[in-house]
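Beneath this line is the structure, given in structure tokens, with notes to follow.
The values are calculated or read from the model by the stated rules, or taken from the named source; none is laboratory data. Nothing here was measured: the structure is a model prediction, and the numbers come from that model. Here the Cβ positions follow ideal geometry from the backbone for every residue, glycine too, while neighbour counts run over all protein chains shown. We work out accessible area using only protein heavy atoms, side chains counted, and drop any ligands, DNA or RNA first. Shrake-Rupley method; radii C 1.70, N 1.55, O 1.52, S 1.80 Å.
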Amino acid sequence: MEAVRRYLAHLDHKKRITLRGAAYEYYECTEYDNGCILLVPRVVSVPEGISPETLADIDRSMQNYSKGIVSEPADITRYKDHIH
């Protein structure tokens, strides 16, 4: 593998490193015990859709709801200070 670019980077006061001219917004970071760090570019994308398993779970839940098979209502009063 040939090096494309080499430069000195340093940690800022929050222990972060800035990648100059980074081509991607997200990277998977792997740290090795010898001090090497491998950054692999990642592209975050919107999922294609809801999986068939999730859709089946939703269908079962709605069937149970229609039959009245439901749990007790959740008590959210303890979170009243967090609701705006």
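Numbers for the structure displayed
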| item | result |
| --- | --- |
| Filter pass, D75 being among the acidic types (D, E), free of Cβ contacts under 8 Å to residues at least 40 places away in the same chain, open to solvent by 100 Å² or more (accessible area, probe 1.4 Å) and assigned to a helix (DSSP H, G or I) | no |
| For A56: the one exception among (1) at pLDDT 95 or above; (2) part of a strand (DSSP E or B) | (2) |
| Condition broken by L38, with the remaining ones in (1) part of a strand (DSSP E or B); (2) within 17 Å of the chain's Cα centre (by Cα) satisfied | (2) |
| Condition broken by N64, with the remaining ones in (1) in a loop (DSSP other than H, G, I, E, B); (2) free of Cβ contacts under 8 Å to residues at least 12 places away in the same chain; (3) out of contact with any strand residue (DSSP E or B) (no Cβ under 9 Å at 6 or more places or on another chain) satisfied | (1) |
| The listed residue being loosely packed, with under 10 Cβ neighbours inside 10 Å and not basic (K, R), out of V40, V46 | V46 |
| Residue check for Y7: aromatic (F, W, Y) and not in a loop (DSSP other than H, G, I, E, B) | no |
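Listed here are the residues, each with its yes/no results for (1) loosely packed, with under 10 Cβ neighbours inside 10 Å; (2) more than 19 Å from the chain's Cα centre (by Cα).
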site	(1), (2)
L11	yes, yes
K14	yes, yes
R20	yes, yes
Y24	no, no
T30	no, no
N34	yes, yes
D59	no, yes
M62	no, yes
